[in-house]
Amino acid sequence: MTTVADTSGPESSIILGSESSGSDSRSRKKSANGDRSAPPRREMPPSSEFVQEFTKCQRRLYLHILSQVGSPVDAEEILQETNVIIWKKYQQFVPGSHFLAWVCQISHYEILKHRERRRKDRHQFSSEFVSAVARESRQMQDELEHRRGIMLECIENLRSADRELIKNRYATGENGKSVAAKFGRPVNAVYQSLSRIRRTLLDCISRRIAAESH
């Protein structure tokens, strides 16, 4: 006679219990490891400071590129290619560092790529020449930016009336006649005042630059 095992005994409970524990263990392990199917973290968007620096540098970046390729059409094309790379690499920019130098370095590689595509053109300059011009262009831009900072300091040192006059004259869309009408002064008097203010600013800038050279 065949004997059938009693599945209701303690041995059965032990076996069932061990299977349940194994299942719980696997569940805890999965929970500890996390859900591997979870979507990746989203990248943080560029900061407002980055966007401002990007917008502010566009004109200077274009001129930097133009100084090396000579063609406005080519410069515009390279600028757009450079901008694409800038946005792809925005997380690599270190806040507080020189933004223009960073984007100019990116544009340098895009210029070399552009030159490679047109290497069969016998009128193209050598890569060494382009690199030398790029270095000089960055140095000139740094110097111009430095002088611009000095000029702004000199403007702040003007008398309040002169400061308001010069700022209004160089506001977008303004000229001598419109400023004269705005201030209720004769046009000739405004032109004379502007000429005097320009001489004052030139003297201030020249003195500061001379002091730095000593």
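Please go through the stretch 22-77 and give me each residue that is among the charged types (D, E, K, R) and at pLDDT 75 or above, ordered by number.
Pass one, the stretch 22-77, residues among the charged types (D, E, K, R): 24, 26, 28-30, 35-36, 41-43, 49, 53, 56, 59-60, 74, 76-77.
If the condition is that a residue be among the charged types (D, E, K, R) and at pLDDT 75 or above, then Glu49, Glu53, Lys56, Arg59, Arg60, Asp74, Glu76, Glu77 are the ones that fit.
If you take the residues in the stretch 154-182 that are among the small types (Gly, Ala, Ser) and part of a helix (DSSP H, G or I), which one is farthest from Ile205 (Cα to Cα)? I'd like the intermediate steps shown before the answer.
Applying the first criterion (among the small types (Gly, Ala, Ser)) to the stretch 154-182 yields 160-161, 171, 173, 176, 178, 180-181.
Filter once more, keeping what is part of a helix (DSSP H, G or I): 160-161, 176, 178, 180-181.
Working: Ser160: 18, Ala161: 20, Gly176: 23, Ser178: 27, Ala180: 26, Ala181: 30 Å.
It comes out as Ala181.
Please work out if Arg185 is part of a helix (DSSP H, G or I), among the basic types (Lys, Arg), surrounded by 12 or more Cβ atoms within 10 Å (Cβ to Cβ) and not assigned by TED's automatic domain parsing to the domain that holds Ser67. Even if it seems obvious, please write down each step before you answer.
Working: part of a helix (DSSP H, G or I): no; among the basic types (Lys, Arg): yes; surrounded by 12 or more Cβ atoms within 10 Å (Cβ to Cβ): yes; not assigned by TED's automatic domain parsing to the domain that holds Ser67: yes.
Here the answer is no, as Arg185 does not meet what is asked.
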> Just checking, which of Arg119, Arg135 is exposed (fewer than 13 other Cβ atoms within 10 Å of the Cβ), modelled with pLDDT under 85 and part of a loop (DSSP other than H, G, I, E, B)?
Replying inline: Arg119
> Does at least one position in the stretch 184-206 carry a residue that is under 17 Å from Leu152 (Cα atoms) and acidic (Asp, Glu)?
Replying inline: yes
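The values are calculated or read from the model by the stated rules, or taken from the named source; none is laboratory data. Fair warning: this is a prediction, and the values are worked out from it, not measured in the lab. All Cβ positions, even for glycine, are placed from backbone atoms using ideal geometry, and neighbour counts span all protein chains on display.
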